[in-house]
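Notes to accompany the following structure.
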Amino acid sequence: MLLGLSLAALVAAGATRAETPAPSDDPLAGLLPSPGIAQEDRGRLYADGCMAWAEDTTSGRRTYGNPKSDRRVVVFGDSRAMQYFDPLEPVAVRRNWRLVGLVRGNCLVAQFAYEKYCDIWRENSLRRIEREKPDLVIVGSATSPFTGSGAAPVS
């Protein structure tokens, strides 16, 4: 009887192994999204038109999670901040947060006179953060001006 159960377990294990794909020698196999389309995967804020660019001086007005929640979280910065938004959105939904994304491509959030539209966007975003009265602000930004920008500290 014991031998019969052991043989049945071996047969079942063999059947399972036969259905499991062989490991791939490709180190990129199984990555999501696949590397071929990753460049097009720019995130929710980008897709929703909420990321400021070029001459934009405000971020999109959309809110995520629960727009009426008293718990408020703001993601503020450049594309480095934007990368935190997509993983935070389901957390905001689960925890009943109001989630706001204030992001602008290639724009420092540090108080530097950097580029006219960026500087205006930063001030507008800081005012919006004051109005939001968030419980948490998550900041992601380059730590230094881009080469050749001529950025200078704001006095």
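Okay, residues lined up against (1) under 20 Å from the mean Cα position of the chain (by Cα); (2) without any contact (Cβ under 8 Å) to a residue 24 or more places away in the chain; (3) within 18 Å of Arg42 (Cβ to Cβ); (4) assigned to a helix (DSSP H, G or I):
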| residue | (1), (2), (3), (4) |
| --- | --- |
| Val75 | yes, no, yes, no |
| Gln83 | yes, no, yes, yes |
| Ala92 | yes, no, no, yes |
| Val103 | yes, no, yes, no |
| Arg127 | no, yes, no, yes |
Q. Are there any pairs, at least 6 apart or on different chains, whose C-beta atoms fall under 7 Å, with the first in the range 113-125 and more than 13 Å from Ala54 (Cα to Cα) and the second among the charged types (D, E, K, R), and if so, which?
A. Ala113/Asp119
Q) Restricting the search to the range 44-53, which residues are over 21 Å from Arg127 (Cβ atoms) and hydrophobic (A, V, I, L, M, F, W, C)? A) Ala47
Q | Selection count where residues are touching a Pro at 6+ places or on another chain (Cβ under 8 Å) and closer than 23 Å to Leu99 by Cβ, scope the range 19-71 | A | 1
**Q.** Candidate set: the range 52-73, residues that are aliphatic (A, V, I, L, M) and surrounded by 22 or more Cβ atoms within 10 Å (Cβ to Cβ); chosen: the one nearest to Cys107 (Cα to Cα)
**A.** Ala52
Q) Would you say Ser144 is hydroxyl-bearing (Ser, Thr, Tyr) and modelled with pLDDT under 90? A) yes
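Looking at Ala92, Ala22, Ala18, Ala38, which one is at pLDDT 85 or above and small (Gly, Ala, Ser)? Before you say what the answer is, go through the steps one by one.
Details: Ala22 fails: at pLDDT 85 or above; Ala18 fails: at pLDDT 85 or above; Ala38 fails: at pLDDT 85 or above.
Step by step, each of Ala92, Ala22, Ala18, Ala38 is checked, and only Ala92 is at pLDDT 85 or above and small (Gly, Ala, Ser).
The values are calculated or read from the model by the stated rules, or taken from the named source; none is laboratory data. Keep in mind that what you see is a predicted model, and the values were worked out from it rather than measured. Every residue, glycine as well, gets a Cβ built from its backbone with ideal geometry; the counts of neighbours run over all protein chains shown.
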